[in-house]
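Values quoted throughout were computed directly from the atomic coordinates according to the rules given, and no laboratory measurement underlies them. These numbers come from a predicted model, not from an experiment. With ideal geometry, Cβ positions are generated from the backbone for all residues, glycine too; neighbour counts draw on all protein chains shown.
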Amino acid sequence: MNKIGIRHEDKYNLERRSPLVPEDVNELVQQKVEISIESSDKRIFRDDEFEKAGAKLSDNLDHCDVILGVKEMPANYFLSGKTYVFFSHVIKGQPYNMPMLRNLMEAGSTLIDYEKIEDNRGRRLIFFGRFAGLAGMINTLWAVGRRYQKLGVENPFSQLKQAYHYNSLDEAEADIENVAKQIRKTGLPDAMKPLIIAITGDGNVSQGALEIVQLLNGASITPLQLINRDYPSESPIITVNILPQDYLNHKDGESFDLFYYINRPDQYESSIEKLLPQINVFVNGIYWDERYPKLIKKRWLLEQEKSNTLNLKVIGDITCDVHGSIECTEKATEIEDPVFMYDPSSDQYQMGFSGKGIAVMAVDILPSELPREASDHFSKALKPFIQSIAEADFSVPLSNLDLPDEIKKAIIVHNGTLTEGYEYLSDFLK
C-alpha cells in the first residue's frame, strides 16, 4: 500500500488550498489509507485538524510514495520511484515549467496531472474552475469600484473587498447583494450608466463568474442585442455572455461546430471586435491556446484610444494567459498586488489603479482567495480515486498498471518516461 503525502504549498505566499480536507482524510484513514501531512502555517486547514482526522504530521514527505500538491512543485524536488500528483501546467509546453518536467523525468518519477483527469467525453473531473470564476468575478467587481473611484466617480462598488478579504463566499455574496440593493435604490452615477459587463465562455470558470454577476440583478442580453444597442434603458447594469459561436465564423460560411473548431481553428475567423466597443467590463473565462484567435488585441485598444472611443475600463482575465487571448495581460499578478493599469498608447503597464488605460486583474491562483470552499469541493472530487492510487504498483509497466482509466490517462510521465499521448512534449523539452 502506497503512503500518501500532502505537501506544503510553496509557490505563492497566499496559496492556502489543500488537495484533501480533514473530513475526507478521516474517511480515507478509516479505509486503511496511510496519509501524512507536511506541516504548514498558511494552509486554510490547521495541522491539528489533519492530525485529529488521523493524518501523521511530518516535516517532510520523503517517506511517502505518492505526494499530492496543488500548484507546481520546484525543480530538484523529485525523487526516484515517487509519484507526484498536481497541476503541472506543462501540457501546452509552457517554457517556464520545462525545467521542472525535465527534472522530474531525470529523477525517474511519475507525474499525474489533475488537469487531464477526464471522463470518456473529455470533461474534467477534478477542478477548481468554478471557484476561479467566483473569486475572479468578485475581484473584478471590486476592481470596478476602485478604478471608477480613481476616475473621480464615487460608486456603490467601492464598498466591495477583494475576495480573499472575505471570511467566506457567503459573506462576499451578501456584500454584492447589498450593492445591488443600493443600486436599485439610488441608481448608478451617470458616468457609469449603463455598466455593460461581458463574460466569455460557458465552462466551469464562466459559470462561477455568472453566479456572482447575477447577484446584481442586471438585465441580461444577447450578443446580437449588444451589437444593435438593443437593451433596456431602465437597467443600469447590463450583462452579456459571449460564446464562441457568437464571434467565430467559418471561412466558407458553414455553421459553427465546436468540435470542428477545436480541431481546425485555422478554418475560422473572429468577429469579436464588433462586440467590444460598448463593453465596460470584460471578464475572460475561456480556454485558450496559440492556435485560437485573440479576444482583445493591443492594436484594437490603441485604435479605440486614438479615436477617443475606448469604453473598456476593467478586464478580469480569469484564465490569465500572459499575452494570450487578452493580449494586454502583461503578467500573472499575485493576490497581494492583483491589478495593473495597461496604457495602450505606450504599451506599458504599472501596478495599481492609477494612470491611463485599462485596469487588468490577472491573478492566476484565484481559487486560493476562497480556499476553504475551493479545497472542500476539490477534495470531494479527488477522494474517490485515492484508494486506487494508494493500492497501485507504479513500478510495473504502464500497460500493467491497475488504475481507473481516468487516472491512467492523466499520467504524463511514468517512471521518467513520457507516456503515449504526451510524447509531443519532448519537442518543448529540447
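Numbers for the structure displayed
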item	result
Dipole magnitude (debye, nearest 20) for the chain, charges at Cβ of Lys, Arg, Asp, Glu	960 debye
Max mean-square fluctuation residue, GNM over the chain, Cα-Cα springs under 10 Å, options ARG147, ARG17, ARG46	ARG46
Proxy reagent accessibility, fewest Cβ within 10 Å first, across THR309, THR333, THR200	THR309, THR333, THR200
Top positive-direction residue, dipole computed over the stretch 129-369 with Cβ charges, set THR329, PHE256, LEU195	LEU195
Ascending count of other beta-carbon atoms within 10 Å, so fewest first, for TYR260, TYR292	TYR260, TYR292
Dipole axis of the chain (+1 Lys, Arg; -1 Asp, Glu on Cβ), positive-most option in GLY122, TYR77, PRO397	GLY122
Amide H partners (placed H, <5 Å) of ILE237, local residues excluded	LEU195, ALA219
In Hz, Karplus ³J(HN,Hα) per residue of the stretch 45-51 (6.51, -1.76, 1.60; θ = phi - 60°; x = Gly, Pro)	9, 5, 4, 5, 5, 5, 4
Length-normalised contact order for the chain - Cα pairs under 8 Å, 6+ apart - percent	20 percent
Rounded to 10°, Cα long-axis angle of helix 371-391 versus longest principal axis of the chain	30 degrees
The stretch 129-369, dipole about Cα centre (Lys/Arg Cβ +1, Asp/Glu Cβ -1), debye to the nearest 20	720 debye
Whether the stretch 129-369 is rounded, prolate or oblate, judged on the alpha carbon gyration tensor where a/c under 1.5 counts as rounded	rounded
For the stretch 20-101, size of Cβ-based charge dipole, Lys and Arg +1, Asp and Glu -1, in debye	360 debye
Taking THR222, THR110 and counting other C-beta atoms within 10 Å, the order from fewest to most	THR222, THR110
Beta bridge orientation in the stretch 129-369: antiparallel %, DSSP, nearest 5	35 percent
Radius 13 Å from Cβ of THR83, net charge of other residues (Lys, Arg +1; Asp, Glu -1)	0
Whole-number D in µm²/s for the stretch 1-159 (Stokes-Einstein; Kirkwood sum over Cα pairs; 25 °C, 0.890 mPa s)	137 µm²/s
Candidates PRO232, PRO338, PRO156, ranked by Gaussian network fluctuation over the chain, Cα under 10 Å, top entry	PRO232
